[in-house]
Amino acid sequence: MSVDTEEQSRSTSRDEAVAELEQDWGERPSLRSWFSTVDHKRIGRRYMVTAGVFFILAGTDAMILRTQLARPNATVLSPEAYDQLFTMHGTAMIFLFSTPMFFGFGNFLVPLLIGARDMAFPRLNAFGYWVFVFAGTVMFTSQLVGRAPDGGWFGYVPLTDTPYSTGINLDVYSLGLLFLGVSTTAGAINFIVTVVKMRAPGMSLNRMPLFVWAIVGTSFMVIFALPALNLANAMLFLDRRFGAHFFDPGHGGSTLLWQHLFWIFGHPDVYIIVMPALGIVSAVLPAFCRRGVVAYPLMVLAIVTISIISFGVWVHHMFATGLPQLSYSFFSAASTLITIPSGIQIFAWLFTMLRGRIVVRTPFLFVVGFIVTFVLGGFTGVMFAITAFDQQVTDSYFVVAHFHYVLFGGAVFPMLAGIYFWLPKFTGRMYAEKLSRWAFWLVLAGFNTTFMPMHVSGLLGMPRRIYTYPGGLGWDLWNLISTIGAYILAVGLLLVLIGVVHAVRRGAPAPDDPWQGDTLEWGTASPPRPYNFAAVPRVHSLHPMWDERTTVALATGEPLPGHQAMTTSELDGREEGAIEMPEASLLPLAAAVGILVAVLGLLWAWYWTGWYWLAGAGALLIFGALARWLWPPERTPEEAGVAS
Amino acid sequence: MRRDPSRRGARAPWRLTAVGCALVLGGCARHQQSTLQASGEGAQRIEGLWWLMFWIAMAVFAEVMLLLGWALWRRRRARATIRGGDAIGGIAVLGVVIPFAILVTVYGLGLRDLNALAAPRQDPSATVEVIGHQWWWEIRYTDPAGAVTANELHIPVGEPVRVRLRTADVQHSFWVPQLMPKTDLIAGKVNQTWLKTDNVGQYRAQCAEYCGKQHAFMALMVVAQPRAEFDTWVASLARPATTTLSAAQQRGREVFERSSCASCHTVRGTPATGEVGPDLTTIGSRWSIGAGAAPNDAGHLGGWIVNSQTIKPGNKMPPQPVPAQDLQDLLSYLQSLK
Amino acid sequence: MTAVAEKAMAPRLLSAEMPSGRTTGWWGMVLFVTTEATIFAALLGSYFYIRFQSGPQWPPPPLEDPKLTKVVIMTALLLPSSVPVMWAERGIRKGQRWRLRTGLAITMVLGLAFLGMQAWEYSEDLKKHTLTTDAYSSLFYTTTSLHGFHVAVGLLMAGWLLAASLRGSFGYRRHERVRLTAIYWHFVDVVWVAIFLCLYLSPRL
Ligand code: HEA
Ligand code: HEA
Ligand code: CUA
Ligand SMILES: [Cu+2]
């Protein structure tokens, strides 16, 4: 046999194997498969689109708020309407937009970045998505009927407890967040297990992309932080509905208990939001600096230390509650220290730019915008860490300025960078560069025009969460500027939206690797086939796609057949074996519907206690679906392995 | 009992100018709530701390912008090369050593200020209890004892005043931006802070913890006045309301005591002893009605009584259907309570 | 399946259910248990927070220290119940289905007895105080019933395993679910120890 024919026969057998894979993994488009899919890419895209819709809703809430605040003594909104709007704006932005959006990125990208075929638990993944949509829908529906939560996003008791809050509003909050918590927890566990067990052979921990590290750090924070929020909300619900007294000082309870529990969750949560964003920055930069991010070990160390220290600073949200000075000085010190790892990351990115050759494209511009704004937001954060100063500005617009600089500047800018960067991979289409640059400049200008003046109005004594204000206190002009800025910002974001929609419908087809990126997702089709990689990638370095050994193996390696994925060892990514991946299923949806029914039952029981039965029915549905879901297949004694 | 008219006279012109400045001219009282025009011992320290941190932040920001600008400018040179290495040294200096030095310094200064905020340098010469209500402030002097009022807190200039903070319902926060940083009012807990200023003046304050529908209008006026005036003020407040009333005022008083007003409001020395709403013994001279919701003049007062919900939607005083003639009498009675 | 695929799969399939490292399921269960444990930690943390805020008497009068007799019996029922689970798991790893079935059955009996005792204890406690009496009672009932709920879930899992095994599901090649259930059961056990120490013993210190 000549060399030529040998090669030919090898490639035809490869083609055959790939065709086989298409058979095994492909999903025929049908209504059923739309509901039953467990493909991490479809689920990831859904997460992103859904979170995007919630962003538009929550952003529209903000635009209405800003309209009301443009002038003193305005009457666009009643106080009740304003309270619901700002609460839903904050709650939705934090819980229904930021976290799920990054979970969407993670869902789509983590398996690709580590060279896996899917998440470790694809069905759990689908379940998490359905729960998220249902929880978000319940919460936003409450806004449509004018019964939305109105206690602020951190829902301080006693205002949110009986007798001060008697409507159903805060039940929507506590139950909605508990409901959503199921999804977030499931997602976090899934991420960790995926990263721990499913990395491509050769991807030892020190070859793991920084974005993946960020997702793991985030997920660990979720595992340890979310229980505090869930517990607090369960207690709130018991207090409100069943007359418990956790937060009632008249019966031995404590209102500060709520604050502690909330912020033990709440502070890690802000890093849960920003950490994946920082990961995106680390993922985008190499492609546009033509070199890897400098000081990889330090970056990993920074991610790990932030994840840990973030659990030791929560009292900085309670600096005005009159706790002992000693505890303040401790939490103040911890809060100042947390800036060091953030600073390390900022300077590492700057040195990456200095040592690389910069190619300016829209994703890179958004990274620059991120650095400018996040650093400013970080500085005001450090100022709050100084207790005495915080006592002066806490609960004023200065705080509102801080957290928009870190949330929008620190999280949304990288998110937009990520959207433009991975759009080719998500959709197989390129975006239009010119439109996207307009969007960038408008967003940057609009953002700063909106939120920079809030520093001033805060220092001039304007408290947050006021539905209107009297004129003549020096706030009028600054508020007007903010509102104008918000409109500019909305136009910028509208251009982003138009750009994405345009790309999806009419964009030029994207090559597999438009940026010559360094990580594995660029080593597969745009958008990837359902099995992601035909041959399991072999990783030999931190930048596998800049490594010929990997690219060659990807193109010519022998495909891993069947509906299988590879598992590897936890630390050094040694090959362990292949496991069978679950098929598409409607059970995750059924279980999620079960929770939805239970939650609706509990909610409606506010009107008529008979609905508690509906909640019971929901619980039965959940148990039924789970039992079905986990029921093991029947096996012959040989298959199972039974001693005679 | 009768209030000393001479005392009232002594206060009136001053009060007129103050109220006039705050409300009629509006604009001239600009920045009456600004932390950057600090007048009290506590707030002044923080103002200094702020400017220090502001300039440090600007310097570090400039440093970051320089690096960023340099990186962007460098790419324009034709020979810009990709360099290897980890820049550990640069990161260590710029990202660890310098920030650490800055942080330690600022942290130390911050602790010093925190200690300074904890207690005034001299012993307080007066104690006042501030009780937060949805959505107004109850003010009770315990030392010198007796004076009770609402939404208005007087302090003697140059002397620290101890403030004890309690809430009657949900959480509020006591914040006089020009005088003193915040302290929260927390259910089941008594917090404490203090106020001191060397400057006569009016300092607007506003509840700083979201407390429900009318959190926006839960303002408080802190009035710093010379010791003698302060003493007079406290003494006059501790005394029952005046009883020499004109015929109309007398009719107004009867309306007040006959209708539901008295079940919610106190007018000292009369049968009206309700405790749901603010004490009205000196409502005639208060800087506002409804904790900053409206200026205190006959028109607004009348409007407030008939339906305060249009002025301050959601507040806890129900509309009072007082007949038109009675209302005139009631107004003249209320305005006589000074 | 084509010949190519079969050839490539053959060696790997053998190792499929006997991986050298931890399985994804193991990691998933361990993480799940970790986040659950954090909930209990937060609950017990709240308990002590409320306790140290309240007066010198704990539980707040007129309540007395929780009675120990029944709870000691409950502990004596629940703690040993981890042993048959372990024994069952060891057994099925060797392919001995009878050990799996017997072990699960014993565990379930012990768990059910525990729940029964708890119901009995509640019926007496409820005469003295309920969820709505004060913050202490709210915490007491929430913590213990959350744990009781976990025992119930553990029982469902064990019963479900028993059913599946009676139908013939497990053996030395396939026993991952048994292992995961065992992890969960041990966790429920350990949490009980923490609750016993905090809620029942610590007020007497
Ligand atoms: C993405 C979210 C995010 C992020 C990343 C941060 C980051 C930080 N935050 Fe912020 N914060 C919020 C979201 C976030 N915050 C939110 C939502 C609230 C309000 C909640 C509410 O009340 O509704 C809040 C409120 C808040 C408070 C309470 C304010 C109050 O209510 O009174 C405090 C107090 O310490 C604080 C501190 C910090 C600190 C020290 C950081 C640090 O991590 C910042 C570190 C980064 C830098 C400092 C910049 C880069 C560093 C360098 C360039 C090195 C050189 C630096 C120095 C020498 C200083 N934050
Ligand atoms: C990720 C988090 C996040 C984000 C992105 C934003 C974005 C914005 N926020 Fe947000 N905000 C919070 C988190 C966030 N906020 C939180 C946690 C609070 C505290 C709540 C509380 O106190 O409980 C808060 C509070 C808050 C307040 C204070 C309210 C008060 O205290 O009374 C204000 C006031 O101006 C405000 C304004 C805005 C504006 C104008 C935007 C804009 O950036 C929004 C722009 C987005 C859009 C407009 C949608 C997308 C637009 C399009 C696709 C174009 C088409 C749409 C239109 C033309 C309408 N926010
Ligand atoms: Cu009282 Cu806000
Ligand atoms: Cu924080």
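What the table shows:
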{"item": "Number of the exception - A:Leu177 against (1) in a loop (DSSP other than H, G, I, E, B); (2) closer than 16 Å to A:Met235 by Cβ", "result": "(1)"}
{"item": "Exclusive hit being away from chain B (no Cβ under 14 Å), among the hydrophobic types (A, V, I, L, M, F, W, C) and open to solvent by 80 Å² or more (accessible area, probe 1.4 Å), set A:Val38, A:Val49", "result": "A:Val49"}
{"item": "Single unsatisfied condition, A:Leu350 versus (1) within 8 Å of chain B (Cβ to nearest Cβ); (2) assigned to a loop (DSSP other than H, G, I, E, B); (3) of a type in the set (A, V, I, L, M, F, W, C)", "result": "(2)"}
{"item": "Scan of region A:455-478 for residues that are within 14 Å of ligand 1 (Cβ to nearest atom) and at the interface with chain B (Cβ under 7 Å from one of its Cβ atoms), ordered by number", "result": "A:Leu459, A:Pro463, A:Arg465"}
{"item": "Set A:Ala81, A:Ala62, A:Ala17, A:Ala58: member being more than 27 Å from B:Gly292 (Cα to Cα) and at pLDDT 95 or above", "result": "A:Ala58"}
{"item": "Enumeration of residues in region A:553-579 that are farther than 14 Å from A:Ser204 by Cα and either more than 7 Å from chain C (Cβ to nearest Cβ) or charged (D, E, K, R) (or both)", "result": "A:Ala553, A:Leu554, A:Ala555, A:Thr556, A:Gly557, A:Glu558, A:Pro559, A:Leu560, A:His563, A:Gln564, A:Ala565, A:Met566"}
{"item": "Single match in B:Ala187, B:Ala145, B:Ala118 (criterion: facing chain A (nearest Cβ under 7 Å), surrounded by fewer than 16 Cβ atoms within 10 Å (Cβ to Cβ) and more than 16 Å from ligand 1 (Cβ to nearest atom))", "result": "B:Ala118"}
{"item": "Whichever residue in region A:442-458 is over 10 Å from A:Val400 (Cβ atoms) and buried (at least 24 other Cβ atoms within 10 Å of the Cβ) and, among such residues, is farthest from ligand 3 (Cβ to nearest atom)", "result": "A:Val443"}
{"item": "Enumeration of residues in region A:353-364 that are in contact (Cβ under 8 Å) with a residue 40 or more places away in the chain and facing another protein chain (nearest Cβ under 9 Å)", "result": "A:Met353, A:Arg355, A:Gly356, A:Arg357, A:Ile358, A:Val359, A:Val360"}
{"item": "Residue satisfying all of: in region B:75-94; more than 7 Å from chain A (Cβ to nearest Cβ) and assigned to a helix (DSSP H, G or I); most open to solvent (accessible area, probe 1.4 Å) among these", "result": "B:Val93"}
{"item": "Selection from region A:140-161 of residues that are among the hydroxyl-bearing types (Ser, Thr, Tyr) and either within 12 Å of chain B (Cβ to nearest Cβ) or open to solvent by less than 20 Å² (accessible area, probe 1.4 Å) (or both)", "result": "A:Ser142, A:Tyr156, A:Thr160"}
{"item": "Close pairs from region A:290-315: first touching a residue at least 24 places away in the same chain (Cβ under 8 Å), partner within 16 Å of ligand 4 (Cβ to nearest atom) and not in a helix (DSSP H, G or I), Cβ under 7 Å, at least 6 apart", "result": "A:Ile306/A:Ile338; A:Ile309/A:Ile338; A:Ser310/A:Ile338; A:Val313/A:Ile338; A:Val315/A:Leu323"}
{"item": "Flag for B:Asp123 being in the same structural domain as B:Thr149 (by TED's automatic domain parsing), among the charged types (D, E, K, R) and open to solvent by 50 Å² or more (accessible area, probe 1.4 Å)", "result": "yes"}
{"item": "Output for region A:405-424, where each listed residue is under 19 Å from B:Met58 (Cα atoms) and more than 8 Å from ligand 1 (Cβ to nearest atom)", "result": "A:Tyr405, A:Gly409"}
{"item": "Filter result for B:Asn296 (surrounded by fewer than 22 Cβ atoms within 10 Å (Cβ to Cβ), over 27 Å from B:Ala238 (Cβ atoms) and among the polar types (S, T, N, Q))", "result": "no"}
{"item": "Residues located in region C:94-107, provided they are more than 9 Å from chain A (Cβ to nearest Cβ) and buried (at least 19 other Cβ atoms within 10 Å of the Cβ)", "result": "C:Arg99, C:Leu100, C:Gly103, C:Leu104, C:Thr107"}
{"item": "Helices (runs of 4 or more DSSP H) (entirely within region C:38-133) containing at least 3 residues that are over 30 Å from A:Glu638 (Cα atoms)", "result": "C:69-78, C:97-128"}
{"item": "Qualifying residue in region A:121-137 (condition: within 9 Å of ligand 2 (Cβ to nearest atom) and either away from chain B (no Cβ under 14 Å) or of a type in the set (Val, Ile, Thr) (or both))", "result": "no"}
{"item": "Qualifying positions in region C:39-50 - surrounded by fewer than 19 Cβ atoms within 10 Å (Cβ to Cβ) and facing chain A (nearest Cβ under 10 Å)", "result": "C:Ile39, C:Ala41, C:Gly45, C:Tyr49"}
{"item": "Condition check for B:Gln171: within 14 Å of chain A (Cβ to nearest Cβ), closer than 23 Å to B:Gln214 by Cα, within 16 Å of ligand 2 (Cβ to nearest atom) and not aliphatic (A, V, I, L, M)", "result": "yes"}
{"item": "Among the candidates A:Leu124, A:Leu31, residue that is in contact (Cβ under 8 Å) with a residue 24 or more places away in the chain, over 30 Å from A:Ala401 (Cβ atoms) and away from ligand 1 (no atom under 16 Å from the Cβ)", "result": "A:Leu124"}
{"item": "Answer residue from region B:204-223, given it is more than 16 Å from ligand 1 (Cβ to nearest atom) and part of a loop (DSSP other than H, G, I, E, B) and is farthest from the other protein chains (Cβ to nearest Cβ) among those", "result": "B:Met218"}
{"item": "Count - residues of region B:224-259 that are surrounded by 14 or more Cβ atoms within 10 Å (Cβ to Cβ) and part of a loop (DSSP other than H, G, I, E, B)", "result": "5"}
{"item": "Count - residues of region C:120-154 that are of a type outside the set (Lys, Arg) and touching a residue at least 60 places away in the same chain (Cβ under 8 Å)", "result": "14"}
{"item": "Residue in region A:624-631 that is at pLDDT below 85, assigned to a helix (DSSP H, G or I) and within 14 Å of chain C (Cβ to nearest Cβ) present", "result": "no"}
{"item": "Members of region A:557-595 that are free of Cβ contacts under 8 Å to residues at least 40 places away in the same chain, surrounded by fewer than 19 Cβ atoms within 10 Å (Cβ to Cβ), over 30 Å from A:Leu621 (Cα atoms) and not polar (S, T, N, Q)", "result": "A:Gly557"}
{"item": "Conditions (1) farther than 21 Å from A:Gly152 by Cα; (2) within 16 Å of ligand 2 (Cβ to nearest atom); (3) surrounded by 21 or more Cβ atoms within 10 Å (Cβ to Cβ): number failed by A:Gly106", "result": "(2)"}
{"item": "Residue check for A:Gly151: closer than 18 Å to A:Phe265 by Cβ and either within 16 Å of ligand 3 (Cβ to nearest atom) or without any contact (Cβ under 8 Å) to a residue 24 or more places away in the chain (or both)", "result": "yes"}
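The values are calculated or read from the model by the stated rules, or taken from the named source; none is laboratory data. Predicted model, so just to flag it, every value in this text is computed and none were measured. Ideal geometry is used to build each Cβ from the backbone, glycine not excepted, and the neighbour counts take in all protein chains shown. Heads up: the accessible areas ignore ligands, DNA and RNA and are worked out on the full protein's heavy atoms, side chains in. Shrake-Rupley method; radii C 1.70, N 1.55, O 1.52, S 1.80 Å.
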